[in-house]
Amino acid sequence: MPVPRLPNGLPNRLRSGPLPRVLLALAALAFLAYGLARNGTETWAALERLSWWSLGVSFLAVLVGLAFMLVAWRDILAGLGSPLPLRVAARVLFVGQLGKYIPGAVWAFAAMMELARDHGAPPKRTFGATALGLVTSLGCALALTAATLSGQIAREAWWLLALVPLILVGLHPRVLAWGLGLALRVARRDPLDRVPSGADMTRAAAWTMAGWLVYGVHLWALVGGLRPGGVSLYAIAAGAYALAWSTGILTVVVPAGIGVREGAMVVALAPLLDTPSALVVAVVSRVMFTLADVTWAGLGFLLARGVRAEAPDDLSARTR
């Protein structure tokens with residue numbers, strides 16, 4: 001996965017005061033709102049085809065899935081040497097992640113590094129945790145795809161599934177040390193002083209896979225709103241979203257995988273739904289995740305209000 005190269009001086013400009021951060025947040029929300037408004041007619045038409053129960057279950061599943069991903073990311077950051085309180089981690093991850101809606105792969109990384117630095121986590125550790133979290137999530141998503149989808153879909157996505165063993169090898173602590181060192185040199189960051197242990201990564205991978213299984217519930221509820229089904233329907237829905245997300249995350253030139261994810265999901269859902277119905281599910285899935293991103297960003301902001309900022313030295317002393 002390509003690692004975004006951070007422009008020189010960007011963190012310093014973001015740290016110069018609250019105004020740049022406010023402007024960055026407003027820009028992220030503006031792009032997010034534009035993305036929703038641009039397809040407003042199609043979105044409302046899609047929503048009208050689904051029941052309220054399917055929309056409610058889908059939204060709750062996305063919220064819970066994101067919570068599992070939060071715990072996994074926090075565990076990786078702790079393994080790098082910067083444990084954060086859960087509510088602070090929520091603020092850093094979800095408020096920072098709004099930057100992914102701005103064109104360019106750098107904004108979410110930059111925002112998260114600066115928010116985490118306010119609470120004593122050096123930027124290099126936040127960068128490393130976020131990069132590792134993405135790789136771990138990609139590995140879990142591809143493993144879920146391989147376990148649930150077969151036949152034509154698996155044959156067409158063989159190049160994605162071939163990444164699974166490579167990712168598993170890449171998560172070994174020794175390989176991690178080399179890979180993160182290389183990524184940080186490319187991003188012009190200082191080298192890490194430690195890497196997560198095998199136990200740290202195993203725990204993070206377990207939380208991540210739990211998140212992906214819950215993500216499957218969100219698509220199962222949407223597909224079930226158009227075509228009732230049971231366990232087999234869930235398996236295909238979970239694999240379809242995992243395949244769609246993996247395709248979108250590897251298409252780094254498109255903000256948040258917009259368009260790419262939906263196209264892959266339509267193809268993956270072909271055994272269950274016709275193209276118009278699959279497009280409905282794909283559009284609503286995007287809306288669910290967008291609303292959940294905003295909801296968690298708001299919760300993270302509120303939960304971390306009043307938490308005292310810490311310097312890196314303070315955090316190191318507290319964890320010794």
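The values are calculated or read from the model by the stated rules, or taken from the named source; none is laboratory data. This one's a predicted model, so the numbers in the text were calculated from it and none came from an experiment. Backbone-built Cβ (ideal geometry, glycine too); neighbour counts: all protein chains shown. Please note that ligands, DNA and RNA were not included when accessible areas were found on the heavy atoms of the full protein model with its side chains. Shrake-Rupley method; radii C 1.70, N 1.55, O 1.52, S 1.80 Å.
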Q | Highest average packing first - 279-292, 211-224, Cβ atoms within 10 Å | A | 211-224, 279-292
Q) What does the charge add up to near S54, with Lys and Arg as +1, Asp and Glu as -1, over the other residues with Cβ less than 13 Å from its Cβ? A) +1
Q: For Y234, Y101, write out the residues from largest to smallest accessible area, computed with a 1.4 angstrom probe and no ligands counted.
A: Y234, Y101
**Q.** Projected label distance in nm at A206 and R87, using a 7 Å step from Cα toward the beta-carbon
**A.** 2.7 nm
Q: Can you figure out the FRET efficiency of R194 with H172, using R₀ = 25 Å and their beta-carbon distance, to the nearest 0.05?
A: 0.95
**Q.** Sum of side-chain charges, A177 neighbourhood, beta-carbon under 12 Å (Lys, Arg +1; Asp, Glu -1)
**A.** +1
